[in-house]
Amino acid sequence: MKVQRILVLAGWLVNAPSALAARDQVVLADPASNKVTKNVAIIGAGSAGSSTAYFLRKFSQERDISLNITVYERDGHIGGRSTTVGVYDDEQNPVELGASIFVEVNHNLVDAAKEFNLSTSGIREFSTEGPVLGIWNGKNFVYMQYSGGSWWDTAKLFWKYGLAPLKTVRLMKATVGKFLKMYEEPYFPWKSLSQVAYVLGLTAATASTGEQFLDQNGIGKLFAQDIIQASTRVNYAQNLPLIHGLEAMVCMATDGAQAIEGGNWQIFSNMLAASHATVLLNRTVSKVERQEDASYIVSATNSESSVTFDQQPFDEVVLAGPYQYSRIDFDPQPRHLPDPIPYVQLHVTLFTSKHKLSPRAFNLSSDEVVPQVILTTLPTGEHHGSNREGVGSPGFFSISLLRPSMDTREGRDELEYLYKIFSPAPLNETFMANILGLPANRAISKADVSWMYRKVWNSYPYEYPRVTFEELQLDDGLWYTAGIESFISTMETSSLMGKNIARLMVDAWEG
Ligand SMILES: Cc1cc2nc3c(=O)[nH]c(=O)nc-3n(C[C@H](O)[C@H](O)[C@H](O)COP(=O)(O)OP(=O)(O)OC[C@H]3O[C@@H](n4cnc5c(N)ncnc54)[C@H](O)[C@@H]3O)c2cc1C
């Protein structure tokens, strides 16, 4: 019985320190050969782009096809939305700023971590006192979990929610089972995401809101609201009446939650190294021009020097990131242009403080301990949350105490705590003072919050119910990965899309 593993709902927020490896790399292209060589440009070095390169190399080697891969990346680092920052600005002390966690059914990531010998860590509970997890609805905690998910936690869960936890686990496993067929023949490789989702029966889950899907499957409303919605909020900043049923199920698939020590981006940097791609960092692609012979010229600007380079000619181009944020001019316009997708604007705030969270801020008595991880849901009567962001009365999606942190800067030797907060808006001083139990009328000083890092992400799409998904081929020789994000938005699914496109490409060359 795995219900007690609900703890790892908070897993996306956890990570572990270790040394950073070198991030920038330029690897030489394939050695010369007398075979016809295929030239592929990949735009974006996140999960999708790195996986495309990695599997392209793998599949083309299996078929003895000669290949040059060039990867363009606007940022100065590999990983895209999978990236770390240094606590106290110290790169030797990294913490995940974006994608933090993957799970055991994420085959591409798990296999890659093994292949590249990367150390993984599970979810860390460092405190023995008090609850490890609490679900807060802005008024009170509707659920608390104590260390290790004890039998008592499980008993309480069944006492309050009846068979709903068990039914949820069964439904999640059935849904994940269908999804995993997308990795296997005869479904893999799929030419259309809409079609494979339909054939595998997954559109039954994507067509409904999470709320409808759970209701159709006999899962009690209270469990859905208290527990499953806490998970959709921490993972996607969305409530059950909005997010579709498939993504709601993905949020419950938490077994074997893990992260790469030092940062998940290392999977992608190793994939690129293994692909022998030429990786051009700080290179923003501004134009993709199709030639009469059906090849493509890619124009890219060096973000540091503003010099523009033309690279040519490529047989195939892969756009491996959301079209709407790529700002690429396609000339001529491809047969199919992706629709703009509404993305969640997520504010991630990392900070260190010597203060623990204040019990009073969470309606607890002063001798009670605040949970290490606070997830949120809406109180009864607040169905959608008060605005499109849906955050409702809690005012934030999650607060996590990630780990103790020693501030040794400038001769200090102070034990602090490292926190991460997800919210739909910037956190103001009143909010910070309240959660840290400080007087509201005085400014927060460095003595209270010694280090802070803020980032606003276009983190993932609003996962509205739908039954069709973006095309993965925009034109002959022009491919697109990010359509999968409206189906499931994770590092693994972007990687799966990269693998799928790589296989379609190599199959077509061979054909
Ligand atoms: C805060 C946060 C938490 C998350 N938590 C998790 C989690 O715990 N687990 C999980 O699996 N997923 C999580 N996700 C989602 C996950 O990060 C994404 O689904 C995944 O990383 C997407 O990968 P991608 O390669 O498709 O896109 P991206 O990572 O966005 O990569 C696209 C790349 O393309 C580059 N690019 C775009 N346009 C151009 C251009 N014109 N020229 C050159 N380069 C360009 C971008 O700079 C970027 O590096 C989280 C996301 C966020 C923001």
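Every residue, every condition in (1) within 14 Å of the ligand (Cβ to nearest atom); (2) touching a strand residue (DSSP E or B) at 6+ places or on another chain (Cβ under 6 Å), yes or no:
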| site | (1), (2) |
| --- | --- |
| Val285 | yes, yes |
| Ala294 | no, no |
| Leu319 | yes, yes |
| Arg327 | yes, no |
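Among the candidates Ala224, Ala205, the residue that is buried (at least 17 other Cβ atoms within 10 Å of the Cβ), within 30 Å of Glu470 (Cβ to Cβ) and in contact with an Asp or Glu (Cβ under 7 Å, 6 or more places away or on another chain) is uniquely Ala224. Selection of strands (runs of 3 or more DSSP E) fully inside segment 401-511 by the criterion of at least 2 residues being within 16 Å of the ligand (Cβ to nearest atom) and either open to solvent by less than 20 Å² (accessible area, probe 1.4 Å) or at pLDDT below 95 (or both) returns 414-423, 449-461, 478-480. Screening Val307 against (1) at pLDDT below 95; (2) surrounded by 14 or more Cβ atoms within 10 Å (Cβ to Cβ) leaves a single unmet condition, (2). Determine whether segment 14-21 contains at least one residue that is open to solvent by less than 10 Å² (accessible area, probe 1.4 Å) and either at pLDDT 95 or above or touching a Cys at 6+ places or on another chain (Cβ under 8 Å) (or both). No; the residues of segment 14-21 include none that is open to solvent by less than 10 Å² (accessible area, probe 1.4 Å) and either at pLDDT 95 or above or touching a Cys at 6+ places or on another chain (Cβ under 8 Å) (or both). Restricting segment 78-97 to residues that are open to solvent by 40 Å² or more (accessible area, probe 1.4 Å) and part of a loop (DSSP other than H, G, I, E, B), the residue that is nearest to the ligand (Cβ to nearest atom) is Arg81.
Any residue at all in segment 160-169 that is within 23 Å of Gln372 (Cα to Cα) and either part of a strand (DSSP E or B) or open to solvent by 60 Å² or more (accessible area, probe 1.4 Å) (or both)? Yes, segment 160-169 contains a residue that is within 23 Å of Gln372 (Cα to Cα) and either part of a strand (DSSP E or B) or open to solvent by 60 Å² or more (accessible area, probe 1.4 Å) (or both). Checking Met249 against (1) over 19 Å from Thr490 (Cα atoms); (2) of a type in the set (A, V, I, L, M, F, W, C); (3) in a helix (DSSP H, G or I), which test does it fail? Unmet condition: (1). Taking segment 105-125 as the range and being over 29 Å from Thr352 (Cβ atoms), within 13 Å of the ligand (Cβ to nearest atom) and not in a helix (DSSP H, G or I) as the test, the residues that pass are Val105, Asn106.
Considering segment 253-277, the residues that are away from the ligand (no atom under 14 Å from the Cβ) and either among the β-branched types (Val, Ile, Thr) or touching a Ser or Thr at 6+ places or on another chain (Cβ under 6 Å) (or both) include one that is nearest to Gly80 (Cα to Cα), namely Gly262. Just checking, does segment 256-271 include any residue being at pLDDT 95 or above, part of a helix (DSSP H, G or I) and within 24 Å of Pro424 (Cβ to Cβ)? No, because not a single residue in segment 256-271 is at pLDDT 95 or above, part of a helix (DSSP H, G or I) and within 24 Å of Pro424 (Cβ to Cβ). From the list Asn137, Asn217, the one residue that fits, being in contact with a helix residue (DSSP H, G or I) (Cβ under 9 Å, 6 or more places away or on another chain) and open to solvent by 60 Å² or more (accessible area, probe 1.4 Å), is Asn217.
The residues listed here are Thr493, Thr468; of these, the one that is in contact with a Ser or Thr (Cβ under 9 Å, 6 or more places away or on another chain) and without any contact (Cβ under 8 Å) to a residue 12 or more places away in the chain is Thr493. Against the test of being on the phi < 0 side of the Ramachandran plot and near the ligand (Cβ under 8 Å from one of its atoms), the options Ile101, Ile65 yield a single qualifying residue, Ile101. Lys191 falls short of the stated requirement of being touching a Ser or Thr at 6+ places or on another chain (Cβ under 8 Å), open to solvent by 10 Å² or more (accessible area, probe 1.4 Å) and touching a residue at least 40 places away in the same chain (Cβ under 8 Å).
The values are calculated or read from the model by the stated rules, or taken from the named source; none is laboratory data. What you see is a predicted model, and the numbers here were worked out from it, not measured in a lab. Note that we place each Cβ from the backbone using ideal geometry, even for glycine, and neighbour counts take in every protein chain shown. Heavy atoms of the whole protein, side chains included, go into the accessibility calculation; ligands, DNA and RNA do not. Shrake-Rupley method; radii C 1.70, N 1.55, O 1.52, S 1.80 Å.
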